[in-house]
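Nothing in this text is a laboratory measurement; each read-out follows from the coordinates by a stated rule. All values reported here derive from a predicted model rather than from experimental measurement. Backbone-built Cβ (ideal geometry, glycine too); neighbour counts: all protein chains shown.
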Amino acid sequence: GKNMMHCRRLLEMAREIGEGKGVIVRRPNADELISIRKGEIDLQSLIDHAESELHSIDELFANSNLPDSVDPKIVHELLVKIRKEYYQ
């Protein structure tokens with residue numbers, strides 16, 4: 001249940017990123033995710049939904065204007081900046 005809950009959450013977050021909404025940490029459907037974790041939702045319906053979402057997300061990213069890769073230098077600079085702010 002816990003793994004399927006995370007799978008569902010990550011698929012939702014991937015969709016939101018592909019739609020240009022960014023990373024939404026606080027989930028609006030937390031109750032649904034908790035019910036998945038508790039095993040209250042049929043496993044096969046979760047698998048079917050995940051497969052459908054994967055196909056949909058692939059299309060979304062194929063048609064998005066997001067870059068296929070990120071400049072490692074930018075990532076490193078961001079990491080250093082975050083660490084400096086956190087530890088000071």
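Could you list log10 I(q)/I(0) for region 48-88 at q = 0.26, 0.27 Å⁻¹, which the Debye formula gives when each Cα is one point scatterer?
Values returned for q = 0.26, 0.27 Å⁻¹ are -0.83, -0.86.
Trypsin sites (Lys or Arg not before Pro), restricted to region 1-84: which are DSSP loop and have at most 14 other Cβ atoms within 10 Å?
Values: sites: 2, 8, 9, 15, 21, 26, 37, 38, 73, 81, 83, 84; in loops: 21, 26, 38.
Within region 1-84, the qualifying trypsin sites (Lys or Arg not before Pro) (loop, at most 14 other Cβ atoms within 10 Å) are 21, 26, 38.
Enumerate the lysines that residue 38 could reach by cross-link, defined here as Cα to Cα under 18 Å, with residues fewer than 8 away along the same chain left out.
Counting by Cα, and skipping residues close in sequence, residue 38 has these lysines nearby: 2.
Would you calculate the separation in nanometres between label points at residue 70 and residue 40, each defined as 7 Å from the Cα along the Cα-to-beta-carbon direction?
Between residue 70 and residue 40, the simple spin-label model gives 3.5 nm.
In the chain, which GluC sites (Glu not before Pro) fall in coil by DSSP and have 14 or fewer other Cβ atoms within 10 Å?
On the way: sites: 12, 16, 19, 32, 40, 51, 53, 59, 77, 85; in loops: 19, 40.
Sites meeting the loop and neighbour criteria: 19, 40.
Over the residues of the chain, compute the C-alpha Rg and express it relative to 2.2 N^0.38 Å.
Relative to the rule-of-thumb radius for its length, the chain sits at 1.37.
Counting only complete DSSP H runs, which helices of the chain cover 27 Å or more along their long axis at the Cα atoms and score a mean Kyte-Doolittle of -1.0 or above? Walk me through the intermediate numbers first.
Values: long enough: 43-62 (28 Å, 0.04).
Counting only whole DSSP H runs, the qualifying helices are 43-62.
Run down the lysines and flag those whose C-alpha is under 17 Å from the C-alpha of residue 73, throwing out any fewer than 8 positions away in its chain.
Residue 73 reaches 81, 84.
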